[in-house]
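**Student:** Handing you this structure, nothing more for now.
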Amino acid sequence: MNGYYLHEELYRGRETLERLGALKITLCGAGALGSLLGDNLVRQGIRQLTVVDRDRVEPHNVGTQLFGQADVGGLKADLLRAHCFRAAGVEIKAIPKSLEERTVQKFLRGAELVIDTFDNFVSREVVTRFCRENDVACLHAGMNADYGEVRWNEGYRVPSDVPVGNACEYPLARNLILLVVVVSSEKIYRYVLDGKRENASITLRDLKINQELA
């Protein structure tokens, strides 16, 4: 363990950091939640991370995602891979392709933990079903307006897509994204440490975090 994780190691302990570093995680989605969560995880000791996302950065992504103006037009998965190496020297695997029924087995094979941050019903359904059928731990993180939730696969229900005029124009506060990222990171830590699968919901307006066991 190098000095990049000094403060986390002092707080969490060397054994915890070693366990985190050995965990094989596949992150589904590199958008608002996925990109910032990926960055957060590698800075906290995660070293075996794969990210799956087919999308490219668009101008409206700059305000809510990890990416900057110079990244517009680039593939999110590849950009996140480059960022993680620059930020923490971590070589993550990037899969800039679509995760669907015909590719899910290939892309999620070998994962010990799957994190679902996809923003569409179809992809979330594919991930949810695969993890249930193959007994793979899966944590879902999502948001809607000023509400966010972090929920394990047990009992998780895939939300229906909400029809809107322009798919890119919907209310989303950056502070909510950051809250959901932090809560997701902590739930992953607790799962790695003692196997606890805790769900949580977050509301931005009253900054209320509700917690419950899965």
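**Student:** From the cross-link list 97/196; 106/196; 76/187; 97/208, which pairs have alpha carbons spaced over 26 Å apart? Walk me through the numbers on the way to the answer.
**Tutor:** On the way: 97/196 32 Å; 106/196 28 Å; 76/187 24 Å; 97/208 36 Å.
Result: 97/196; 106/196; 97/208 exceed 26 Å.
**Student:** Most fluctuating residue of 127, 52, 72 in a GNM of the chain with Cα springs under 10 Å: which is it?
**Tutor:** Top of the fluctuation ranking is 72.
**Student:** For residue 101 and residue 175, what is the calculated FRET efficiency with R₀ set at 30 Å and r taken between the beta-carbons, to the nearest 0.05?
**Tutor:** On the way: r = 36 Å, r/R0 = 1.18.
Given R0 = 30 Å and the Cβ-Cβ separation, E is 0.25.
**Student:** How much length, in nm to one decimal, is gained on full extension between residue 186 and residue 144, taken as 0.36 nm per residue of separation minus their Cα-Cα distance? Can you show the working numbers first?
**Tutor:** On the way: separation 42, 0.36 × 42 = 15.12 nm, distance 2.07 nm.
Extra length from residue 186 to residue 144 when fully extended: 13.1 nm.
**Student:** Using a Gaussian network for the chain with springs between C-alpha atoms less than 10 Å apart, which of these wobbles most: 42, 51, 182?
**Tutor:** The residue that fluctuates most here is 182.
**Student:** Per the Kirkwood definition applied to all pairs of different Cα atoms, how many angstroms is the hydrodynamic radius of region 3-213?
**Tutor:** Values: mean 1/r = 0.0577 Å⁻¹.
Averaging 1/r across every pair of different Cα atoms and inverting gives 17.3 Å.
**Student:** Now a separate question. Give me the extension gain from residue 55 to residue 87: residue separation times 0.36 nm, minus the current Cα-Cα distance, reported in nm with one decimal. Spell out each step's value before the answer.
**Tutor:** On the way: separation 32, 0.36 × 32 = 11.52 nm, distance 2.19 nm.
Gain on stretching residue 55 to residue 87: 9.3 nm.
**Student:** Once every DSSP H run of n ≥ 4 in the chain is given -39500 (n - 2.57) and the sum is divided by its residues, what mean residue ellipticity at 222 nm do you get, rounded to the nearest 500 deg cm²/dmol? Intermediate values should be presented prior to the final figure.
**Tutor:** Working: 7 runs with 80 residues, N = 214.
That calculation yields -11500 deg cm²/dmol at 222 nm.
**Student:** Taking every DSSP beta bridge with both residues inside the chain, roughly what % is antiparallel (nearest 5)?
**Tutor:** Working: 17 of 34 bridges.
The antiparallel proportion sits near 50 percent.
**Student:** If you don't mind, there's one more thing I want to ask. Return the single residue from 103, 203, 128 with maximal mean-square fluctuation; model: Gaussian network over the chain, springs between Cα atoms under 10 Å.
**Tutor:** 103
**Student:** Can you pull the one-decimal nm distance between simple spin-label points at residue 135 and residue 7, each 7 Å off the Cα toward Cβ?
**Tutor:** If labels sit at residue 135 and residue 7, their model points lie 4.0 nm apart.
**Student:** Here is a further query. Given a Förster distance of 30 Å, report the FRET efficiency between residue 197 and residue 72 from their Cβ-Cβ distance, rounded to the nearest 0.05. Please report the intermediate quantities before stating the final value.
**Tutor:** On the way: r = 37 Å, r/R0 = 1.25.
Approximately 0.20, to the nearest 0.05.
Here, each number is a calculation from the coordinates, and none is a lab measurement. Model, not experiment: these values are computed from the prediction. All Cβ positions, glycine included, derive from the backbone under ideal geometry; neighbour counts span all protein chains shown.
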